[in-house]
Structures are given as structure tokens and as C-alpha cells.
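Novice: Below is one structure. I have some questions about it.
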Ligand code: SAH
């Protein structure tokens, strides 16, 4: 194990079977060494800076029916909302005042946000806040659509691959959603010049070390700029209501491995991690993450973007509590910075 970890830290790649071994044989000593090397690596690239993103959850209306997701189209108990361009702009204004220089617009696949509307909105935000980056996380769209959004000024796009194993993908999604389409989107986003983010849920139903090893191999070969991972958490109105949540320990272990695979990757310590453990966000940063994404959605809609049970949106998860978050992050030796927080070329 020690030899494998040292090899990973030096070469930033392993064989598929080696990733699987690293996961199957994990133990406290291995975790400690990984954490130590991941912290050292991220400090070499980003010092002790932590980047923040203002997360605006623009709509919980979704045409898809992902089996794990609380806002899936088929969930009749979900109270639906969508934000208008003006409401989104107001979130950005508030966020800018608070010190955010990246706005992430995330939502279900809601046809209301056609290319024309989004391009207008992106151009307006860019004109108003030229020193800010815009990240989109709006699911699968055509290449033409991605291209228009990019030309309008969007800088980054987050589209988790969810799992790098096609069979596993089919177990988490309805037949209309295909693994090949997800992969096509990710490759197109990258070709179009977006800073591109993939990612997956840790402990999703049917996931074993074999699938996780494939996720790691995918990250190693795809070389995303960002990678969002967080524990799977069941939602009561989904097929997976009765399944167990993923663990904090495995999520942190994977964060450290991903940091070693790509030293300059932008790696968020996610809301899901903060949801399963009150110190989850801090533990994620200590494992190698360097981004946090506080919630900048209007307070009235926050509880409606319930991807999973008990998803946090108050307290330090709220963009308005940034001072408190800053203190907690400095208490563990890191520092929140006011910066676009682009990937650093090394
Ligand atoms: N429609 C967009 C945004 C999806 S929500 C898209 O397709 O990209 C953002 C992420 O939340 C998803 O990619 C998924 O990985 C995560 N998510 C959804 N349901 C979850 C659950 N029950 N537990 C943990 N994470 C979940």
C-alpha cells in the first residue's frame, strides 16, 4: 500500500487494478499517508487558499428521472420553482457584495432556460461583473447549445459523469439517459474550451471498489479541471430511499487520491459532505479539497432544491454566513480568498 501511494504521488497515475487495490485494502495508515501527501501537494499548487463559489440553484424543474435524485421529474411531492433572469441577477449582485467572484448556476434540465435566455443572462452578468467567472451546471445539452453558451461568456461547466461504468450508469438512470451521451457531453465541453468538471457520488447504490477504480482511471485520463464528489444520500421520494448513504471516510480517502492524480485540480468540499457530518466541509479541505460552494439561492427556494434528505442550506452553508465559514476555514489553517479561482497551470 505504501509503495502504491508513493507511486501515485510521484507519477500521478496507477493501473486500474492498482486503484482497485488501493480502495479494497484501505486502512488507517494508508489514509493518513494519503492525506499527508494530498495536503502537501495542494499546498505546493494553491498554498493555503480556498476558493469560494456562489451557488445559485436556478430551477428544480427537471425532465429527467434519475433514480437517486430528489428533484427527478417523476417526484410528485417536490414543490417546483424556477428563478427568472432578474432574480438570478439579484443573487449575483448580492454575491458580488459578499466577495464572490464565481457564480455557479445549477438546476434541473428545465426547457425554460433555452439558449436565447441563457446567453442573454450570461452576457448581462459578464457585462455587469467583468471580473467574475460563470460556471454552468445544467445537465446535458447539444454541442451547438454548449457552443453558444461558451460564446456568450460562460467559463466553466460542471457535469458529473456519475459513474464511469456503463452498466452501473444504467442502474442509476432511466433508459432514456445513456452513458455514451454523458461522455459525449463531457468531451464536447472540453473541446469547446470550458473549464470542465466531472464527478460522482460516493457509495451510490451498486457501487463497489471496481466501479470506483474506473472513476479514478477516468479522471486520470480525462484530466478534468474540476471534480465534484460527495457521498450519496438517499431521498425519501426516490427508488433508492432505503439505501445507505456513502461514508465521510471513503469520500475523504477519494478526495486525497484525486488530488494526487491531478495536483492542480479544483476540488470542492461539497454540500453533501457537510450534510453527513457537521465537520464534513473542514474534513474535505483537510483531505485535499480547495473549493467550497456556499448557497447563494434566494432563501425562499433553498428548501425546495432537495436533491437528498436533509440537504443543508442554512448556517455556514449559506453565502450570507461567509464570515463564519471564513473563521472555520482559518481555524484549520486555510484561508478563503476573493478571487475567480481559475485552475492554475503547472
Ligand atoms: N441537472 C444537473 C445538475 C444535477 S444536481 C446535471 O445533470 O448535471 C447535481 C448533482 O447532485 C448530481 O450530478 C448528483 O451527482 C448529485 N446528487 C443528486 N442526487 C443525489 C443524492 N441523492 N445524493 C447525493 N448527491 C446527489
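Just so you know, all these numbers are worked out from the coordinates, no wet-lab data involved. Computed from a predicted structure; not experimentally measured. Virtual Cβ from ideal backbone geometry, glycine too; neighbours counted across all protein chains shown.
Novice: How fast does the chain diffuse by Stokes-Einstein, in µm²/s, taking the Kirkwood radius from C-alpha pairs at 10 °C and 1.306 mPa s?
Specialist: 79
Novice: Order of 243, 68 from fewest to most other C-beta atoms within 10 Å?
Specialist: In order of increasing Cβ crowding within 10 Å: 243, 68.
Novice: Would you calculate a helix-derived [θ] at 222 nm for the chain, using -39,500 (n - 2.57) for each DSSP H run of n ≥ 4 and dividing by the full residue count, to the nearest 500?
Specialist: That calculation yields -13000 deg cm²/dmol at 222 nm.
Novice: Multiplying the sequence separation of residue 63 and residue 221 by 0.36 nm and subtracting their Cα-Cα distance, what value in nm do you get?
Specialist: Result: 53.8 nm gained on full extension.
Novice: Something else now. What number results when the radius of gyration of the stretch 275-323, computed over Cα atoms, is divided by 2.2 N^0.38 Å?
Specialist: Against the compact-globule rule of thumb, the ratio is 1.18.
Novice: Moving on to the next point. Pick from 192, 260, 55: which is most flexible by mean-square fluctuation in a GNM of the chain where alpha carbon atoms under 10 Å apart are linked?
Specialist: Its mean-square fluctuation being the largest, the pick is 192.
Novice: For the pair residue 109/residue 90, report the inter-label distance in nm, with labels modelled 7 Å from Cα in the Cβ direction.
Specialist: 3.0
Novice: If I model a spin label as a point 7 Å beyond the Cα along the Cα-Cβ vector, how far apart are those points for residue 244 and residue 178 in nm?
Specialist: Taking the two extended label points, one gets 3.5 nm.
Novice: Have a look at 240, 194, 51 and tell me which one the Gaussian network model of the chain (Cα, springs below 10 Å) gives the largest fluctuation.
Specialist: Highest fluctuation among the options: 240.
Novice: Pick from 261, 88, 332 the residue whose mean-square fluctuation is largest in a GNM of the chain, springs joining Cα atoms under 10 Å.
Specialist: Ranking 261, 88, 332 by mean-square fluctuation puts 332 first.
Novice: Out of all DSSP beta bridges in the chain, what portion is antiparallel? Express it as a percent rounded to 5.
Specialist: 5
Novice: Work out how far the C-alpha atoms of the stretch 198-346 reach from end to end along every principal axis, then list the three figures in whole Å, largest first.
Specialist: Cα extents, longest axis first: 44, 41, 23 Å.
Novice: So, one more: Once fully extended, how much extra length lies between residue 33 and residue 344, figured as 0.36 nm per residue of separation less the alpha-carbon to alpha-carbon distance?
Specialist: Separation in residues times 0.36 nm, less the Cα-Cα distance, equals 109.5 nm.
Novice: Something else now. Calculate the length of the line joining the C-alpha centroid of the stretch 222-240 to that of the stretch 154-170, in whole Å.
Specialist: The stretch 222-240 and the stretch 154-170 have Cα centres separated by 9 Å.
Novice: For the stretch 1-86, state the average projected area of the convex hull of the C-alpha atoms over all orientations, rounded to one decimal in nm².
Specialist: Averaging across all directions leaves 10.0 nm² for the Cα convex hull.
Novice: Right, another one. What percent does the relative contact order of the stretch 2-337 come to when contacts are Cα pairs within less than 8 Å and at least six residues apart?
Specialist: 23
Novice: Within a 10 angstrom radius of the beta carbon, how do 202, 239 rank from fewest other beta carbons to most?
Specialist: 239, 202
Novice: Listing 257, 58, 2 from the residue with the fewest other Cβ atoms within 10 Å to the one with the most, what is the order?
Specialist: Going from sparsest to densest Cβ surroundings: 2, 257, 58.
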